[in-house]
Each structure stands twice: as C-alpha cells, then as structure tokens.
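Notes for the one structure printed next.
Taken together, the values in this text are just the output of simple stated rules run on the coordinates, not laboratory data. Just so it is clear, the structure is predicted and the values come from calculations on it, not from any experiment. Glycine gets a Cβ as well: all are built from the backbone with ideal geometry, and neighbour counts include every protein chain shown.
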Amino acid sequence: MATPSMEDYLEKIYELIKGKGYARVSDIAMELNLQPSSVTKMVQKLAEAGYIHYERYRGLVLTPAGESLGEEMQERHAMLAEFLRTIGVPEEAVQIDVEGIEHHVSPSTVRCLQDLTSFLRGNEAVRRALADHRERRRRAEADEQRQSDLP
Ligand code: MN
C-alpha cells in the first residue's frame, strides 16, 4: 500500500516524466517544495516498494506498477478538481483542497463524485437551480446575521 506521501511523489514523478521525459531529484524537490535529501529518501522507498527504479543514463523510471499508480493519482486529482469547480468552489481553494482530500477518498467515492460531476455538467438547469439555491442560502444567512447583530 502506498502512503499519502508516496502517492504525491508518484503523481509528481508521473507528471514530470509525461511532461518533459524525465524526473530529476532536483525537479521533484522543487515541485513538491522539499529538500533534495528528503526526496532522495522517498525515492529509495518508492524503489523498494517496486514503483520506480533508477537507470544509469535515463535516471528515474516508473515500473509498470508505478506508471499505473501515478496515472491513477493524476486522474483522481484532476477528477476531484473538476468536481470542486463544478459545485462552485473558488479556484484558489480548489488545488489546496484537492491536495488535502485526494488521499482520503475511496475508489467508490471517486466514482460517485464522477457521476455527480458529469450529471451536473450535462444539466444546465440543475446547475442553475443549485446556483439559485446557494444564493437564497447566502441571503438567508446574511439576514440571520443582521437579526443577531440587532441590539
Ligand atoms: Mn495531487
């Protein structure tokens, strides 16, 4: 079983390799905002777990298990971000929140959220009804706040 931080590393390594063809320890450290020494340690752990291996001239290489987990992590991230955007979460919160929740949702929850996302995407009337509902709730909250602010 990969730990949350192993999942983050694999997601990043997968992205780097897809994007530029290679993933150097220094690139991973920069992307994850970590010291190269901690990256080196994690890279060893991932190698021991069979997700990556090191080749003399190619550098870090994903094994088939690492490749499929990395891809899965990237898809889960993208899916959760799309879900949050669809329900109206502001963009600046989307990425931060996805980093927090992505490790704590089971595949069945991800699948259900995916269904909900595509349902909402395909139904403009439902999205509008949700936006109206949100608007009414905000107004009711503001009214309540005003009431309790009265002397
Ligand atoms: Mn992520």
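Evaluate the following for residue 93: is it in a helix (DSSP H, G or I), within 17 Å of residue 8 (Cα to Cα) and without any contact (Cβ under 8 Å) to a residue 12 or more places away in the chain? Write out each step before concluding.
Details: in a helix (DSSP H, G or I): yes; within 17 Å of residue 8 (Cα to Cα): no; without any contact (Cβ under 8 Å) to a residue 12 or more places away in the chain: yes.
So residue 93 fails the test.
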Quiz item: Taking into account only those residues within the stretch 100-151 that are free of Cβ contacts under 8 Å to residues at least 12 places away in the same chain and acidic (Asp, Glu), which is nearest to residue 73 (Cα to Cα)?
Solution: 115
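Is at least one residue of the stretch 74-88 assigned to a loop (DSSP other than H, G, I, E, B) and away from the ligand (no atom under 15 Å from the Cβ)?
So the first thing to find is which residues in the stretch 74-88 are assigned to a loop (DSSP other than H, G, I, E, B), and the list is 87-88.
The next check asks that each one be away from the ligand (no atom under 15 Å from the Cβ); those that pass are 87-88.
Taking every residue of the stretch 74-88 in turn, at least one turns out to be assigned to a loop (DSSP other than H, G, I, E, B) and away from the ligand (no atom under 15 Å from the Cβ).
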Quiz item: Within the stretch 107-151, how many residues turn out to be touching a Phe, Trp or Tyr at 6+ places or on another chain (Cβ under 7 Å) and of a type in the set (Ser, Thr, Tyr)?
Solution: 1
